[in-house]
Amino acid sequence: MIVGEQKPFDEVWEMVKSHKQLTVFGCNTCVAVCHQGGNKEAEILASLLKMRATQEGVDIEIVDGGIERQCEHPFFDSAKELLKDSEAVLSLACGIGVQFMAQKYKETPIYPALNTTFLGDVQEDGYFTEKCQACGDCVLGVTGGVCPVTRCCKRLFNGPCGGSSDGKCEISKDIDCAWQLVIDRLKAMGKLDDYEKLTPIKDWSKDRAGGPRSFKLEGF
Amino acid sequence: MEGQCHFLEGNTNAVKRIKKVKELLNMVGVDPERLEFFHLSAAQGPRWAEICTEFTEKINALGPSPIWFALQKKLESTENNKQAA
């Protein structure tokens, strides 16, 4: 899922305080799981902004709302009326949702309330870790299900490097050496011989190098 | 009491949430001391009364919140504008 983190409150306030009306708008899927951008968080942020506005004597009407996903047209049906009357929107979606709304509502300022941080998993409630960089050419099949693009700080494909010590990376003792994880996993699966196999050079043209990516399904 | 909630983890979750709300209040300039959480059982009526009395005294000592002052200022300004008109 996409993990995001709320921007510092003062930064959010500075972005929106010049408006007379603001809709604080949650996205109730990925960023709701990380308790940063769901509809509940939108309600809380709206309350905080109202309190700040009152204290600073700023005349701004703040309402809150949200939908399940800000990155797909059909989900906006339930919020048509709310958004139609909005002078500005503070979106708690990831960068995708903010851009989707900006494209959809051409004349309405859409502000981001979150910093989109990474594509990750939920290790435990409230603890999220990065697992994928959407490089476009997945190698997990040959690396024992451990991504060297994301989890090796140097993005090595022939690790571990000399900075690996006791299973940890030289960048930080809190970061596991991805290649140690690859080896441990291959060993556990009885496939350690795979570690010796040469793999073809990775096709980086499918990564970001070619600019924004897209793909279209036939028959839709 | 702590760890003995009818809703199992309800009161331990509430403690975490109160901590978070205190941080949020602090962020918007409201003294987090204005919010407190106490563990009590339904059989502790007298202790509940004591806590309410103590907390009321504490809030009285802190005085009105900055939000109240801001709303009061806004109200006065609106009334002055009306009189001027």
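The values are calculated or read from the model by the stated rules, or taken from the named source; none is laboratory data. Everything numeric here is computed off the predicted structure, so don't read it as measured data. When we count neighbours, we look across all protein chains shown, and the Cβ atoms used for this are built from the backbone with ideal geometry, even at glycine.
See the values below:
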| item | result |
| --- | --- |
| Any hit, the range A:28-48, residues being away from every other protein chain (no Cβ under 14 Å) and part of a strand (DSSP E or B) | no |
| Selected residue (criterion: surrounded by the most Cβ atoms within 10 Å (Cβ to Cβ)) from residues of the range A:49-70 that are more than 12 Å from chain B (Cβ to nearest Cβ) and outside any loop (DSSP other than H, G, I, E, B) | A:Gly66 |
| Search result, residues across the range A:54-85 that are within 27 Å of B:Ser77 (Cβ to Cβ), in contact with a Leu (Cβ under 9 Å, 6 or more places away or on another chain) and in contact (Cβ under 8 Å) with a residue 12 or more places away in the chain | A:Ile60, A:Glu61, A:Ile62, A:Val63, A:Asp64 |
| In the range A:140-156, residue nearest to A:Pro212 (Cα to Cα) [restricted to those that are surrounded by fewer than 17 Cβ atoms within 10 Å (Cβ to Cβ) and either touching a Lys or Arg at 6+ places or on another chain (Cβ under 7 Å) or without any contact (Cβ under 8 Å) to a residue 12 or more places away in the chain (or both)] | A:Arg155 |
| A:Gly211 vs. criteria at pLDDT below 95 and either exposed (fewer than 12 other Cβ atoms within 10 Å of the Cβ) or touching a Phe, Trp or Tyr at 6+ places or on another chain (Cβ under 9 Å) (or both) | yes |
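Every residue, every condition in (1) at pLDDT 95 or above; (2) farther than 30 Å from A:Leu49 by Cβ; (3) of a type outside the set (Gly, Ala, Ser), yes or no:
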residue	(1), (2), (3)
B:Gln4	no, yes, yes
B:Asn13	no, no, yes
B:Lys22	yes, no, yes
B:Phe37	no, no, yes
B:Leu40	no, yes, yes
B:Gln44	no, yes, yes
B:Ala49	yes, yes, no
